[in-house]
Amino acid sequence: MLTEIRRKNLQRALNPRSVCYVGGSFLEMTIRGTLESGFDGDVWLVNPKTDEMAGLPCFKSVDDLPGVPDATFIGVNRTVTNATLPRLNAMGAGGVICYAAGYSEIGGDGPELEEDLKASAGDLALVGPNCYGIANQLQGVSLMAIPSDGLRVKRGCAFIGQSGSLCHAVTRNARSAPLAYVISCGNQAVLDIADYIDVLIDDPVITCFALFVEGLPDIPRFSRIALRALEAGKPIIALKSGVSDLGASMAMSHTASLAGDDEHYQALFDRLGIIRVTTPVELLETAKFVTHTGVPAGRRLKGFTCSGGDNEMIADLSAPYGLELPQPTEIQRAAMQEHMQLYTSISNPLDFNTTNWGNYDVLLKLFTEALSENADLGLLVIESSQAHEENLGTREALEALRDAGKATGVPVAQTNHFSENSSAADREALHATGLTMMQGMREGMGAIGKTCTFGERQQTVMARDSRDDLAIPAVSPLPDGVHALDEWAGKQALKAHGLPVPDGRAVAVGDAALAADEIGFPVTLKVLSDTILHKTDVSGVALNLADAASVEAAATDMVSRLGIDRVLVEPMAPKPVAELIIGVTRSEQFGQVLVVGAGGVLVELYKDAECLLLPVHEDDVRAAIGRLKIARLLGGFRGAPRGDLDALVAAVIAVARYATDHRDTLAELEINPLFVLPEGEGVVAVDALIREA
């Protein structure tokens, strides 16, 4: 928990004026790294077995330190670690990094020792345990078990991960990724990922957050902090592991993290504008693009290459991310044609042709003209050299793109096919001007497309009158004694919240024929019971009954087989355009989860569904329905009538309203199928199941 005192202590640890290392000789290279990086604060060492390390004297105990450390790296075993914490807390130290493993991630006595660790920490901002530590590349402070090789930066991304090895590997990247902090958070015994984001959001030198997530311990709190980041325009980029069953079990054994249902995490990320990536490389490239180029205002991309094949690849990789490639206007074509060979095509992407290779003046005119209209981003695809001193004619193109971007006010970037074909010196020089040099075509295009999606989500969220409902409410335990409502009771409850249901009758078996006659034939007859939940499995549904005799026969059969005394009689629903399912389940981590998808008897076969977390906004429901494969049916597939989309959205909102009104007692809700009728004719809930406490 991030108390106010602990918040201040974490701020001290992230911006230290004094640091302390407690441990043996394995820390010597780390200590030298801090000394050689230019850190101008105090550096103290504690080791009772030696007098000197890395050219500095060693104190026998933390009690002997000449001052109070803002940040302390504790690199000793778990028993000594737990014994050291109360002494640091008593002297008013800031933050501590606990390197030791053997806590809750291993079972046995580990969980008990972790509880002792938390109690011993007091007000300390405790990082870990079971973590590599923190690399502070703003100040040049390495508080890691292994030396970090990252370059000093003035601004950049905060990388926060649950894998110590990955965090260390990130500090050694050769991609010029601008990392302000690399924080290995380990078991998150005291501080979790949300706490680090919370403290760093308002820091003007932090551009974005890159996360390696195994599991989040407090989803509601994380959602509140992520919403703050979204409002601040600082993207969160997440690589979530534990997607497979095996991966989830390994996450649990690695850092005692509950991976959670991946679809629920995806719903959380979509809701809060979190950019999801699938590899560490994509994580860094996206952070690089956000930091140096920023978030484009829209999806209109102007591409520049010197190859028809590269043009095709830009087009192919743009499509999955919804990037637009607006073609030049006639005025633009005429202006650009002056600098091109007669046989060349003026298009977007633009193949500027080898005749213009290395010609800065011509390329500047071409790029500037292309970016002068209908452009949100300029992208150059070109292979450079690993050696800065070796100019292959690409530097002129890069400089022309940089200057065209400045002239037009359009952000620009460059990428290539082979990540190694790039010079670190060129990257650092051009990054300082706002031109991102990305490494890898697929990673680069992914970074652009996903950042554009973030920008759109931020605009949508910021345009809302209120954003408070985006945060996930606290999840309370469900009371004991869950029971089901029968279909009639369930439908009436949902009808009161605005869900259209059939005009049916719940009657005694002997009154079924009379009820059918009042409704009008043909009718449907269903067994009515709060214990028979899946009626079709027991032949508890009779369809298209055309007369009283058919109703009486069906009712008699159900009584003899199922022993029921009440039935539900409803008019036959008209033929739908599509059948959907709307469901609400309860997650201990995420709270109420709404599912909308293709329904009917083949729902488990189709697996065409979208998850949304409650409460939900109408715009998000509409967007989720649009992502379904069955949306093509709703749009009027092959000449069939269009479905009533507005009525479908209203039905989903009605179900969501019922669920949120019964948040503390609802265990499960399912409408399957929901018949979507032709446009203007509405929808009807054909079946309904509610289980509640």
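The values are calculated or read from the model by the stated rules, or taken from the named source; none is laboratory data. Please read all numbers here as calculations on a predicted model, not as lab measurements. For neighbour counting, all protein chains shown are included, and Cβ atoms are generated from backbone atoms with ideal geometry for every residue, glycine included.
Please count how many residues of the range 75-85 are surrounded by fewer than 14 Cβ atoms within 10 Å (Cβ to Cβ) and closer than 20 Å to residue 18 by Cα.
Residues flagged as surrounded by fewer than 14 Cβ atoms within 10 Å (Cβ to Cβ) and closer than 20 Å to residue 18 by Cα within the range 75-85 amount to 0.
Residue pairs, Cβ under 8 Å, 6 or more apart or interchain, first in the range 312-326 and closer than 18 Å to residue 456 by Cα, second acidic (Asp, Glu). List them.
Every condition considered, the pairs that remain are 318/324.
Just give me the residues in the range 318-335 being more than 14 Å from residue 350 (Cβ to Cβ) and surrounded by fewer than 19 Cβ atoms within 10 Å (Cβ to Cβ), in sequence order.
Matches in the range 318-335: 319, 320, 321, 322, 324, 330, 331, 334.
Which residue pairs have Cβ atoms under 9 Å apart, sit 6 or more places apart or on different chains, and have a first residue in the range 482-499 that is within 10 Å of residue 655 (Cα to Cα) and a second that is β-branched (Val, Ile, Thr) and in a loop (DSSP other than H, G, I, E, B)?
Close Cβ pairs satisfying both conditions: 494/501; 495/501.
Can you say whether residue 431 is touching a helix residue (DSSP H, G or I) at 6+ places or on another chain (Cβ under 6 Å) and farther than 15 Å from residue 284 by Cβ, as far as the supplied structure shows?
No, not satisfied.
Taking the criterion of being under 20 Å from the mean Cα position of the chain (by Cα), of a type in the set (Val, Ile, Thr) and either surrounded by fewer than 18 Cβ atoms within 10 Å (Cβ to Cβ) or assigned to a loop (DSSP other than H, G, I, E, B) (or both), would at least one residue in the range 562-584 satisfy it?
Scanning the range 562-584, I find no residue that is under 20 Å from the mean Cα position of the chain (by Cα), of a type in the set (Val, Ile, Thr) and either surrounded by fewer than 18 Cβ atoms within 10 Å (Cβ to Cβ) or assigned to a loop (DSSP other than H, G, I, E, B) (or both), so the answer is no.
Of everything in the range 463-476, what is free of Cβ contacts under 8 Å to residues at least 12 places away in the same chain and in a loop (DSSP other than H, G, I, E, B)? Give them in sequence order.
Answer for the range 463-476, where residues must be free of Cβ contacts under 8 Å to residues at least 12 places away in the same chain and in a loop (DSSP other than H, G, I, E, B): 463, 465, 466.
Does residue 530 satisfy the criteria of being under 16 Å from residue 691 (Cβ atoms) and of a type outside the set (A, V, I, L, M, F, W, C)?
The answer is yes for residue 530.
Counting residues that are buried (at least 23 other Cβ atoms within 10 Å of the Cβ) and in contact with a Pro (Cβ under 7 Å, 6 or more places away or on another chain), which helices (runs of 4 or more DSSP H) fully inside the range 357-451 reach at least 1?
Passing ranges, in order: 360-371, 394-408.
Taking residue 65 and the conditions (1) at pLDDT 95 or above; (2) under 26 Å from residue 161 (Cβ atoms); (3) aliphatic (A, V, I, L, M), which numbered condition does it fall short on, given that it satisfies the others?
(2)
Please determine whether any residue of the range 630-653 is assigned by TED's automatic domain parsing to the domain that holds residue 680, under 20 Å from the mean Cα position of the chain (by Cα) and either touching a residue at least 24 places away in the same chain (Cβ under 8 Å) or surrounded by fewer than 19 Cβ atoms within 10 Å (Cβ to Cβ) (or both).
Among the residues of the range 630-653, not one is assigned by TED's automatic domain parsing to the domain that holds residue 680, under 20 Å from the mean Cα position of the chain (by Cα) and either touching a residue at least 24 places away in the same chain (Cβ under 8 Å) or surrounded by fewer than 19 Cβ atoms within 10 Å (Cβ to Cβ) (or both), which makes the answer no.
What is the number of the single condition among (1) closer than 28 Å to residue 595 by Cα; (2) in a helix (DSSP H, G or I); (3) at pLDDT 95 or above; (4) not hydrophobic (A, V, I, L, M, F, W, C) that residue 285 does not meet?
Failing condition for residue 285: (1).
Of the conditions (1) surrounded by 19 or more Cβ atoms within 10 Å (Cβ to Cβ); (2) aromatic (Phe, Trp, Tyr); (3) farther than 26 Å from residue 262 by Cβ, residue 590 fails just one. Which one is it?
In the conditions (1) surrounded by 19 or more Cβ atoms within 10 Å (Cβ to Cβ); (2) aromatic (Phe, Trp, Tyr); (3) farther than 26 Å from residue 262 by Cβ, residue 590 misses (3) alone.
Mind listing just one residue for me: the one in the range 536-551 that is assigned to a strand (DSSP E or B) and within 15 Å of residue 520 (Cβ to Cβ) and, of those, nearest to the chain's Cα centre (by Cα)? First the steps, then the outcome.
Start the filter on the range 536-551 by keeping residues that are assigned to a strand (DSSP E or B), which leaves 541-545.
Keeping just the survivors that are within 15 Å of residue 520 (Cβ to Cβ) gives 544-545.
On the way: 544: 47, 545: 50 Å.
Across the range 536-551, the extreme among qualifying residues is 544.
Looking at the range 662-693, which of its residues are β-branched (Val, Ile, Thr) and surrounded by 19 or more Cβ atoms within 10 Å (Cβ to Cβ)? Can you show your working first?
Within the range 662-693, the subset β-branched (Val, Ile, Thr) is 665, 671, 676, 683-684, 686, 690.
Within the range 662-693, 671, 676, 683, 684, 686, 690 qualify.
Residues checked against (1) farther than 23 Å from residue 203 by Cα; (2) crowded, with 24+ Cβ neighbours inside 10 Å; (3) in contact with an Asp or Glu (Cβ under 7 Å, 6 or more places away or on another chain):
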site: 111; (1), (2), (3): yes, no, no
site: 125; (1), (2), (3): no, yes, no
site: 130; (1), (2), (3): yes, yes, yes
site: 138; (1), (2), (3): no, no, no
site: 147; (1), (2), (3): yes, no, no
site: 161; (1), (2), (3): no, yes, no
site: 167; (1), (2), (3): no, yes, no
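How many of the residues making up the range 635-657 are assigned to a helix (DSSP H, G or I) and at pLDDT 95 or above?
Number satisfying all stated conditions: 13.
Looking at (1) part of a helix (DSSP H, G or I); (2) surrounded by 15 or more Cβ atoms within 10 Å (Cβ to Cβ), which is the one condition that is false for residue 460?
Among (1) part of a helix (DSSP H, G or I); (2) surrounded by 15 or more Cβ atoms within 10 Å (Cβ to Cβ), the lone unmet condition for residue 460 is (2).
Pick out, from the range 16-127, the strands (runs of 3 or more DSSP E) lying fully within it that include 3 or more residues that are assigned by TED's automatic domain parsing to the domain that holds residue 160 and under 24 Å from residue 181 (Cα atoms). First the steps, then the outcome.
Working: elements: 18-23, 42-46, 56-59, 71-75, 95-98, 125-127.
Strands (runs of 3 or more DSSP E) meeting the threshold: 18-23, 42-46, 71-75, 95-98, 125-127.
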